[in-house]
Amino acid sequence: MASRRSRLGETMAVQITVRWIESGVLRSDGLDSLPEKLSGAVWIDVLEPDEDSLAAVASLFDLPPLAVEDCLHFPQRPKIDVYPHVTFLVWLLPHVVTGDGVESSELDVFLGPEHLVTVHRERISAVTRVAENAEEFMNRGVEWTLHAILDAAVDGVFPVVESLSDELETLEDLMLADARPANLQRLYAAKRSLVQLHKVVGPERDVIRGLARLEAFVEPEAYMYFQDIGDHLARVADEVDTYREVASGTMDIYLSSVSNRMNAIMKQLTIIATIFMPLTLISGIYGMNVLKGMWPPVDAAWAFPAIMASMSAITVWMLWYFKRRDWW
């Protein structure tokens with residue numbers, strides 16, 4: 001076990017776990033304990049890799065330098081690179097929805113005829129679950145071990161999609177009841193998460209198609225199982241596309257609600273302004289104090305009450321008229 005120092009200054013341990021099959025029995029130890037000659041499957045798992053640890057693993061199986069370099073530069077897009085003696089693939093595992101989108105863990109994999117190398121910077125539940133039953137999968141072959149990891153990884157995407165679905169349903173109800181800017185921010189975050197999922201799921205479907213065609217490393221019996229993972233990814237992709245449309249529809253609901261609210265406000269302000277127009281005219285005329293012979297006479301004791309009564313009557317009549325025409 002080696003160690004390195006992260007950008008934040010804390011010491012990060014490099015963990016290399018080696019599992020191999022010897023006479024049908026699973027063995028597990030460090031890299032130095034790996035026998036020189038093996039007749040069964042080998043799985044090397046590297047957590048928190050550094051250059052030295054990857055170089056040591058690469059020397060055992062002659063791993064391509066470009067692929068090894070990709071393992072040191074996170075993050076990468078999901079992809080598959082086929083070399084003559086090994087296949088390299090990058091897989092992303094979305095697991096947490098945050099305000100900034102979806103957080104994903106990256107898993108880099110080298111698949112050979114009898115060896116499997118997995119590289120990741122953080123603990124991945126799919127790898128941990130398969131490691132608990134590694135003997136069962138590795139006795140069938142390294143491609144079956146890889147299938148189990150990817151299958152568990154895809155299963156972990158469904159809760160993420162379901163959480164986004166619940167969020168969209170909640171936002172849809174909120175938008176109908178109260179179109180607040182805070183809800184709009186939540187909608188943007190959900191939509192951003194869906195876009196990120198779309199960018200992950202699409203390339204991963206291509207990775208599965210590439211794996212299914214690897215006759216050198218994947219036995220024919222495993223084809224249909226990898227295709228089953230592809231079917232699950234297709235389902236996720238369809239759900240993501242559907243929820244993206246729902247998000248766009250919810251956005252339309254928000255914009256319509258804001259527009260209707262603004263129209264209602266403008267309608268009320270227009271009615272108020274219309275009511276005050278004749279009142280302003282009357283008060284303006286009698287406020288000039290330059291006309292003689294006006295009726296009612298300005299200096300009469302009853303003039304002010306009469307003017308106020310007239311203005312009140314006009315107001316009541318206009319309100320009644322607007323109500324009758326269903327303008328208010």
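The values are calculated or read from the model by the stated rules, or taken from the named source; none is laboratory data. All figures in this text were calculated on a predicted structure; none of them were measured in a lab. Note that we place each Cβ from the backbone using ideal geometry, even for glycine, and neighbour counts take in every protein chain shown.
Quick notes on this one:
- Filter result for Asp108 (under 30 Å from Leu168 (Cβ atoms) and either buried (at least 22 other Cβ atoms within 10 Å of the Cβ) or assigned by TED's automatic domain parsing to the domain that holds Ala189 (or both)): no
- Scanning the range 273-298 for residues that are more than 13 Å from Ile314 (Cα to Cα) and at pLDDT 85 or above turns up just one, Ala273.
- Residue selected from the range 19-42 under the condition of a type outside the set (Asp, Glu) and assigned to a helix (DSSP H, G or I), by the criterion surrounded by the fewest Cβ atoms within 10 Å (Cβ to Cβ): Ser33
- Of the criteria (1) farther than 30 Å from Pro113 by Cβ; (2) touching a Ser or Thr at 6+ places or on another chain (Cβ under 8 Å); (3) modelled with pLDDT under 90; (4) not charged (D, E, K, R), which one Pro181 fails: (2)
- Residue match in the range 144-157 (condition: among the β-branched types (Val, Ile, Thr), under 17 Å from the mean Cα position of the chain (by Cα), within 22 Å of Ser248 (Cβ to Cβ) and surrounded by 14 or more Cβ atoms within 10 Å (Cβ to Cβ)): yes
- Arg129 meets the conditions (1) under 22 Å from Gln227 (Cβ atoms); (2) crowded, with 18+ Cβ neighbours inside 10 Å in every case but one. The failed one is (2).
- Leu171 vs. criteria modelled with pLDDT of 95 or more, crowded, with 19+ Cβ neighbours inside 10 Å and under 20 Å from the mean Cα position of the chain (by Cα): no
- A Cβ distance below 9 Å, combined with a sequence gap of six or more or placement on separate chains, defines the contacts here; from the range 54-76, residues that are closer than 20 Å to Ala13 by Cβ reach residues that are basic (Lys, Arg) and surrounded by 16 or more Cβ atoms within 10 Å (Cβ to Cβ) in the pairs Phe74/Arg121.
- Top-ranked residue in the range 224-245 [being β-branched (Val, Ile, Thr) and buried (at least 19 other Cβ atoms within 10 Å of the Cβ); ranked as nearest to the chain's Cα centre (by Cα)]: Val240
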